[in-house]
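Each remark here refers to the structure printed beneath this line.
The values are calculated or read from the model by the stated rules, or taken from the named source; none is laboratory data. Worth saying up front: this structure is predicted, and the values here are computed from it rather than measured. Here Cβ is always computed from backbone atoms with ideal geometry, including for glycine, and neighbour counts include all displayed protein chains. These area figures cover heavy atoms from the full protein model, side chains too; ligands, DNA and RNA do not enter into them. Shrake-Rupley method; radii C 1.70, N 1.55, O 1.52, S 1.80 Å.
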Amino acid sequence: MFLLFEEAGKFHAGRVLSEAESSVQVELDSGKRVKVKAANGLLKFEQPAPAELLREARALCETVELELAWEFAPQDEFGFADLAREYFSSDAAKPATPQQQAGMLLRLFEAPHYFRRAGKGRFRKAPAGILQQALAGIEKKKQLQAQISAWATELGQGQCPAPIREQLYKILFRPDKNAPEYKAVVEASRATHTAPLALLQQAGAIESSYQFHWKRFLFENFPKGAGFPALAAPAIAEALPLATCQAYSIDDSHTTEIDDALSLQGLGSGTVTLGVHIAAPGLAIAPDSPLDQLARARLSTVYMPGYKITMLPDEVVQSYTLMEGRACPAVSLYVTLNEVTLEIQTTETKLERVPIAANLRHDQLDDVVTADWLEGPEIENENDSNPFPIKHVELSFLYRLAKHLKAGRERVRGKPETFNRPDYNFHLVGNDGAEPSGSEQVQISTRQRGAPLDLIVSEAMILANSTWGQWLGELGVPGIYRSQASLAPGIKVRMGTKALPHAGIGVKSYAWSTSPLRRYTDLVNQWQIIACARHGKTAALAAPFKPKAADLFSIISSFDATYAAYNDYQRGMERFWTLKYLEQQGIRELTGTLFKDGLLRADDLPLVLPVTGAQNLPRGAALRVRLGAIDEITLDVSASVIERLDQAPVAPDDEEDDAVAGPIAIAVDVDEAGPDDPASEGLAPAPPEAAAPG
């Protein structure tokens, strides 16, 4: 006696060894003995042998027409043997053969859209309406699979179907794995043994390497586009007093969001007052207003060579920017100092209108306003000899003060700040601030960190950020701080709501507050500072954000992730334009310094790249290398050693190393800023207008 039974959705047959009330001992053809529940036994038969029965049953299964079987099936519940008799036998009184019964069982089991299971070996036919819906779904699925296969074939032949081109960034970076476009790429990738990105490149899905990076960034960070809704800049309701000083901003020529300006009063009197004046959108933009919601969604201006996406609409920015020739609303920090010792005596914060005498520009002045010029003798006929609206004596004092403040911070840090590498400026010829096409001629120039004007601004901003951060803490008003417990390896800069020391900068506390037009954290802190200026010791009750406010922690979390993504994109696009520069200039060799893990930092370009042939060379070795292939999509370029410049020449490789393109490398560390470098505050990668710690 043999038994056909079901186990875990599969059918088996074997010889019955023994039977009990609730189970059967069965020996399979393999010799394995299994215990089968009596309820799982479906068909007992004498012949043929189990293996032959299953073979013949599968053959008969294929011959069963489901539509006909569905017609034969009764309306009520039925067993597979009953339907097999009706379907296969011309004599209603004669049962179907075991092979026919088993064949019908297999067919019913694999067609749930026609027949629903009602128990072991029992079925009920599906209602006609539901059956038609199921059949329509199956047909649709077949057509979809046919479409997927057709798309996959096109991709394999080097052609990109339009639907896949339209879904390119979603397929690559945020795929819906059930989408037919994604399945087609996977199918073609497997069929051609080609990585999806390389497959799509070969199929022409990526027409422009620049647009690939740009559209990917928008897809991931601005899915609804980077445009602004029509929002007007609200007016400042309160009447602000007019400051008695004349202030000057120092930025790059392309800067439109002029957040900060400086003033100086009392020179020659023994007591000098330094004014740090910050644009005051916080006096007009209210928390939870439409403009606030817009700024909170973006969190920062996005910088990239030749272009930027501002945090606020340009019309709004122009309403609050510190434009020369206007008396602009500002939050001002006045620091009173001893003119000789530079010791800080008092600080005071005011809400006022500040006359902006001039917008000075780094790129126009750096070659003239040098350390030698500033430390030289006072110009007697200054109006005739000084081409700038700010006096030589004032710039000289500001430079002396900046060096003094920097030295004080370095004493706290325990070691000096080093600026060994320059900042690089990118100029896209003929771009004029419009969205680049990716084909522009690129020019790369250098600007040494710590240049006098840069130092003056950065130290003033650090002073303001640290002073206001400490003030908020003293008044019990929460803010958004950046802190670093120590300069020990692995200790990173963190954001929080408490006034904690920042060892990397060398201050007791540090709250970003000086760039409210381009960084949302600064706008939040400005609201808190305004509350302190208005209410003093009771500011904690009036400030928009209270201690332990959930909103503050939410802003910190969102800002950290978003700011990192923006900086990654900026570094990626700087690398893109650097690679473009190499191609445009026909540069095939360059010199650089080996610094770690076989990586070389170029001497005259913002470029880090892997080098072959440098495995046994020490860190710091000066090398001349030959460049390999450049991939503008993955941003990959490699090099091989030609010679070592600081010792005996190294034998060059016989072949160039055309590095195989790896995964897309958007976030390329071209700066390697450490915890003791202000660049780790996000300052170094930015263009000149974003370079100051403000």
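In nm, to one decimal, how far is the modelled label at ALA622 from the one at GLU378, with both set 7 Å along Cα→Cβ?
With each label point 7 Å from Cα toward Cβ, the separation is 4.4 nm.
Over all pairs of distinct alpha carbons, what does the Kirkwood formula give as the hydrodynamic radius of segment 459-570, in Å?
On the way: mean 1/r = 0.0703 Å⁻¹.
That comes to 14.2 Å for segment 459-570.
Just to be sure I understand the model, the point goes 7 Å from the Cα along the line to the Cβ. What's the resulting SER90 to SER486 distance in nm?
For SER90 paired with SER486, the spin-label model returns 9.8 nm.
Heavy atoms only, 1.4 Å probe, whole protein assembly: order SER638, SER445 by accessible area, highest first. Display every interim value, and only then the final one.
Working: SER638 0, SER445 60 Å².
Ranked list, largest accessible area first: SER445, SER638.
Could you tell me the calculated FRET efficiency between LYS596 and GLU339, based on Cβ-Cβ distance and R0 = 51 angstrom, to the nearest 0.05? Please report the intermediate quantities before stating the final value.
On the way: r = 47 Å, r/R0 = 0.91.
Efficiency, rounded to the nearest 0.05: 0.65.
Within segment 47-79, what residues put their amide N at less than 12 Å from the label point 7 Å along the Cα-to-Cβ vector of ARG124?
75-78
Can you compute the modelled spin-label distance between ALA226 and ALA134, with each label point 7 Å from Cα toward Cβ, in nm?
That separation, rounded to one decimal, is 5.3 nm.
Which order do TRP214, TRP471 take when ranked by solvent-accessible area (1.4 Å probe, heavy atoms of all protein chains), largest first?
Numbers: TRP214 10, TRP471 60 Å².
Of TRP214, TRP471, the descending order of accessible area is TRP471, TRP214.
Which of the three applies to segment 225-287, rounded, prolate or oblate, going by the alpha-carbon gyration tensor with a ≥ b ≥ c and a/c under 1.5 meaning rounded?
Numbers: a/c = 3.98, a/b = 1.76, b/c = 2.26.
Because a/c hits 1.5 or more and a/b fails to exceed b/c, segment 225-287 counts as oblate.
Residue separation times 0.36 nm, minus the C-alpha to C-alpha distance between ARG411 and VAL429: what's the value?
Numbers: separation 18, 0.36 × 18 = 6.48 nm, distance 4.36 nm.
Full-extension gain reported as 2.1 nm.
Quick one: Karplus J couplings for segment 478-485, per residue in order, coefficients 6.51, -1.76, 1.60, θ = phi - 60°, nearest Hz, x for Gly and Pro?
Per residue, the Karplus-derived 3J(HN,Hα) values read x, x, 9, 10, 10, 9, 8, 5 Hz.
Only helical DSSP H runs with n ≥ 4 go in: add -39500 (n - 2.57) per run for the chain, normalise by residue count and round the 222 nm mean residue ellipticity to 500 deg cm²/dmol. Show your work: numbers first, answer last.
Values: 20 runs with 245 residues, N = 694.
My calculation for the chain gives -11000 deg cm²/dmol from helical runs alone.
When the solvent-accessible surface of protein heavy atoms is calculated with a 1.4 angstrom probe, in what order do SER189, SER253 fall, highest first?
On the way: SER189 20, SER253 45 Å².
Output order, biggest surface exposure first: SER253, SER189.
Might you work out the accessible area of GLU19 for me, using a 1.4 Å probe with all protein chains in place, and round it to the nearest 10 Å²?
110
5 Å is the cut-off here: which amide hydrogens, built 1.01 Å from N in the peptide plane, fall below it relative to VAL507, excluding neighbours closer than 5 in sequence?
Amide H neighbours of VAL507, under 5 Å, 5+ apart: HIS502.
Please list, in order along segment 145-154, the HN-Hα scalar couplings obtained from phi with the Karplus expression 6.51 cos²θ - 1.76 cosθ + 1.60 (θ = phi - 60°), rounded to whole Hz, x for Gly and Pro.
Once rounded to whole Hz, the list reads 5, 5, 5, 4, 5, 5, 4, 4, 5, 4.
How much accessible surface area, in Å² rounded to 10, belongs to the heavy atoms of ARG353 with a 1.4 Å probe?
90
So, for segment 284-369, what is the accessible surface per residue at a probe of 1.4 Å, expressed in square angstrom? Could you put the intermediate results ahead of the total?
Numbers: 3310 Å² over 86 residues.
The answer is 38 Å² per residue.
Which number comes out as Rg/Rh for segment 111-230 once both Rg and the Kirkwood Rh are worked out on C-alpha atoms? All intermediate terms of the calculation are to be shown ahead of the outcome.
Details: Rg = 20.4 Å, Rh = 17.1 Å.
Rounded to two decimals, Rg over Rh is 1.19.
What percent do you get for the relative contact order of the chain when only Cα pairs under 8 Å and 6+ apart count?
Numbers: 1257 pairs, mean separation 61.8, N = 694.
Relative contact order for the chain comes out at 9 percent.
Out of the total accessible area of the chain (probe 1.4 Å, heavy atoms of protein only), what percent is carbon and sulfur?
Values: 15950 of 32070 Å².
Of all accessible area on the chain, carbon and sulfur atoms account for 50 percent.
Long-range amide H contacts for ASP252: which residues qualify at under 5 Å (H placed 1.01 Å from N, peptide plane, sequence gap of 5 or more or a different chain)?
So ASP252 has HN proximity to HIS362, GLU689.
What FRET efficiency comes out for LEU66 versus GLU27 if R0 is 30 angstrom and r is the Cβ-Cβ distance? Round to the nearest 0.05. Spell out each step's value before the answer.
Numbers: r = 34 Å, r/R0 = 1.14.
Efficiency, rounded to the nearest 0.05: 0.30.
By the gyration tensor of its Cα atoms, with a ≥ b ≥ c the square roots of the eigenvalues, what is the shape of segment 496-539: rounded for a/c under 1.5, prolate for a/b over b/c, or oblate? The partial results should precede the final answer.
Numbers: a/c = 2.57, a/b = 1.29, b/c = 1.99.
It comes out oblate by the Cα gyration axes.
If you take the Cα Rg of segment 280-415 and divide it by 2.2 N^0.38 Å, with N the number of residues, what do you get?
Values: Rg = 19.1 Å, N = 136, 2.2 N^0.38 = 14.2 Å.
It is 1.34.
Of the listed values (1) 26.2; (2) 28.6; (3) 31.3, identify the label whose number matches Kirkwood radius over Cα pairs in Å calculated from this model.
Correct label is (3).
Rounded to the nearest whole Å², what accessible area per residue is found for segment 504-643 with the 1.4 Å probe?
Working: 4920 Å² over 140 residues.
Value returned for segment 504-643: 35 Å² of accessible area per residue.
Need one number: % antiparallel among DSSP beta bridges in the chain, to the nearest 5.
Working: 86 of 95 bridges.
Beta bridges within the chain, antiparallel portion: roughly 90 percent.
How about segment 542-608: which trypsin sites (Lys or Arg not before Pro) there lie in a loop by DSSP and see at most 15 other Cβ atoms within 10 Å? Mind showing how you got there, number by number?
Values: sites: LYS548, ARG571, ARG575, LYS580, ARG588, LYS596, ARG601; in loops: LYS548, ARG588.
When the trypsin sites (Lys or Arg not before Pro) of segment 542-608 are filtered for loop state and at most 15 Cβ neighbours within 10 Å, LYS548, ARG588 remain.
Pop out the ³J(HN,Hα) list for segment 397-402 in order, Karplus 6.51 cos²θ - 1.76 cosθ + 1.60 with θ = phi - 60°, rounded to Hz; leave Gly and Pro as x.
5, 4, 5, 4, 5, 4
On the full set of protein chains, 1.4 Å probe, figure out the accessible area of ASP560 and give it in Å² to the nearest 10.
Here the residue's solvent-accessible area equals roughly 80 Å².
Give me the percent relative contact order of segment 1-147, please, defined on Cα pairs under 8 angstrom at least 6 residues apart. Please list the in-between numbers first.
Details: 216 pairs, mean separation 26.6, N = 147.
Reported as a whole number, the value is 18 percent.
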